[in-house]
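Here is the structure we will look at, set down as structure tokens.
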Amino acid sequence: MMTDDTTQAGRVRMHAGGPEFSSVIWGSMRCEEQFSSVGELADFLRFLLDHGVTTLDTANVYGIPHPYTVEEFLGKAIAEVGRDKFEIVTKAGIQRISPHRTVNRVRHFDFSEKEIRRSVDRSLEKLGIDYADAILLHRPDYLMEPAETAGALDALIAEGKTKHVGVSNFSPSRLKLLTSKLKAPVVTNQVEFSPIHVEPISNGVFDTAMLDGHVPMIWSPIGGGRLMTGDDERVVRIRGVLAEVAKRNGLAGAAEAAIAFVARHPARGVPIIGSGKRERLEGAIQAVNNPLDRQDWYDVLAAYEPSLSI
Ligand SMILES: NC(=O)c1ccc[n+]([C@@H]2O[C@H](COP(=O)([O-])OP(=O)(O)OC[C@H]3O[C@@H](n4cnc5c(N)ncnc54)[C@H](OP(=O)(O)O)[C@@H]3O)[C@@H](O)[C@H]2O)c1
């Protein structure tokens, strides 16, 4: 994941039989709030490409204020820049109440073949692309029928609608259940990990990734901004330690130190940066190229929970 040029993202093979992504991924969840026009977003995408950030993360459900609108906005910007310059990851399975999805009475999850197909077809149409580089199951559907869901994912690959498949927010046992029926490899598990959300280091998610040979994608590496703006005691304590760690490592600040913390875990998870600000993307690239040393990493972990580093 390291490159000689610390201003450029590197390349990461997500699985032996999987895709190569950039070592920093950009997440589009907040893009409607961050960019006021397609042209502005397209300029930002060009900036990402100039820095080696070629992988874009999105989802059928993303949209502010109403779910299900981001992919159309993002798709128009991708069309301006060129689809073939990017790896595009999207997700299916979340059902939200929205004027754009009036059949939903309650928030729920749906991994039935019918819904996965409907969602993926809609994503491809809204994004204006013929195929995705990876389709992920977004959040566990507790009513998942493993053979049906696995069959739907394998069929999407066979039909050329996606190059690869993966999951998000899956526990190790749920992943095993799915892979017991799936022919294609799961190329990633996209999970939350940050100095204020450390569960994957101890709940088996990262151990399983390393055993299975897939690289996790890391969402909200700075807690969706909460790490920088939160005022509860623990967050303030962690932010203080991160600021010190940033100084020691020549990083821009606490947010960048958080990304360097994430990058240090041997599961080598690839952070998805949700910022729409260029300087924050540059800082994230520098951080990924300079993961923390062992003592700084444990210093941050101890700020989260002292007993974890005793
Ligand atoms: N699979 C899932 O269930 C799941 C869930 C959530 C997200 N995701 C994916 O992960 C991506 C990243 O998630 P995220 O946006 O929550 O990630 P994040 O990078 O932790 O948070 C980004 C947010 O933090 C703010 N921020 C960044 N640096 C800051 C600083 N120094 N001071 C104050 N605020 C700062 C950004 O604002 P600015 O724009 O102003 O910098 C933005 O609002 C999403 O876009 C999505 O693709 C996946």
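The values are calculated or read from the model by the stated rules, or taken from the named source; none is laboratory data. All of these numbers come straight from a predicted model, not from anything done at the bench. Glycine also receives a Cβ, built like all others from the backbone with ideal geometry; neighbour counts cover every protein chain displayed. Areas reflect the complete protein model, heavy atoms only, side chains present, ligands, DNA and RNA absent. Shrake-Rupley method; radii C 1.70, N 1.55, O 1.52, S 1.80 Å.
Please work out if ALA42 is more than 15 Å from the ligand (Cβ to nearest atom) and over 19 Å from the mean Cα position of the chain (by Cα). It is true that ALA42 is more than 15 Å from the ligand (Cβ to nearest atom) and over 19 Å from the mean Cα position of the chain (by Cα). For the residues SER202, SER171, SER194, the requirement of being small (Gly, Ala, Ser), more than 25 Å from ASP110 (Cβ to Cβ) and more than 10 Å from the ligand (Cβ to nearest atom) singles out SER202. Residues that are assigned to a strand (DSSP E or B) and within 14 Å of the ligand (Cβ to nearest atom) do not occur anywhere in the range 243-261. Looking across ASP121, ASP110, one residue alone is in contact with a strand residue (DSSP E or B) (Cβ under 9 Å, 6 or more places away or on another chain) and of a type in the set (Asp, Glu). It is ASP110.
Every residue, every condition in (1) of a type outside the set (Asp, Glu); (2) open to solvent by 10 Å² or more (accessible area, probe 1.4 Å); (3) more than 30 Å from LEU74 (Cα to Cα); (4) within 24 Å of the chain's Cα centre (by Cα), yes or no:
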{"site": "THR229", "(1), (2), (3), (4)": "yes, yes, no, yes"}
{"site": "ARG234", "(1), (2), (3), (4)": "yes, yes, yes, no"}
{"site": "VAL241", "(1), (2), (3), (4)": "yes, yes, yes, no"}
{"site": "ALA246", "(1), (2), (3), (4)": "yes, no, yes, yes"}
{"site": "ALA260", "(1), (2), (3), (4)": "yes, no, no, yes"}
{"site": "LEU281", "(1), (2), (3), (4)": "yes, no, no, yes"}
{"site": "GLN295", "(1), (2), (3), (4)": "yes, yes, yes, no"}
{"site": "TYR304", "(1), (2), (3), (4)": "yes, yes, yes, yes"}
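Against the numbered list (1) of a type in the set (Gly, Ala, Ser); (2) without any contact (Cβ under 8 Å) to a residue 40 or more places away in the chain; (3) buried (at least 18 other Cβ atoms within 10 Å of the Cβ), GLY82 comes up short only at (3). In summary, SER23 fulfils each of the numbered conditions (1) open to solvent by 40 Å² or more (accessible area, probe 1.4 Å); (2) at pLDDT 95 or above; (3) small (Gly, Ala, Ser) with the single exception of condition (1). Among the conditions (1) in a loop (DSSP other than H, G, I, E, B); (2) within 16 Å of the ligand (Cβ to nearest atom); (3) surrounded by fewer than 22 Cβ atoms within 10 Å (Cβ to Cβ), GLY160 misses just one, which is (2). Residues of the range 30-56 that are outside any loop (DSSP other than H, G, I, E, B) and open to solvent by 10 Å² or more (accessible area, probe 1.4 Å): GLU32, GLU33, GLN34, VAL38, GLY39, GLU40, ASP43, ARG46, PHE47, LEU49, ASP50.
The set of residues in the range 146-183 being free of Cβ contacts under 8 Å to residues at least 40 places away in the same chain, among the small types (Gly, Ala, Ser) and under 17 Å from GLU87 (Cβ atoms) consists of GLY160 alone.
Looking at the range 8-15, is at least one residue open to solvent by 20 Å² or more (accessible area, probe 1.4 Å), over 14 Å from the mean Cα position of the chain (by Cα) and among the small types (Gly, Ala, Ser)? Taking every residue of the range 8-15 in turn, none turns out to be open to solvent by 20 Å² or more (accessible area, probe 1.4 Å), over 14 Å from the mean Cα position of the chain (by Cα) and among the small types (Gly, Ala, Ser). Per this entry, ALA134 is counted among residues that are in a strand (DSSP E or B) and either within 14 Å of the ligand (Cβ to nearest atom) or in contact with a Pro (Cβ under 9 Å, 6 or more places away or on another chain) (or both).
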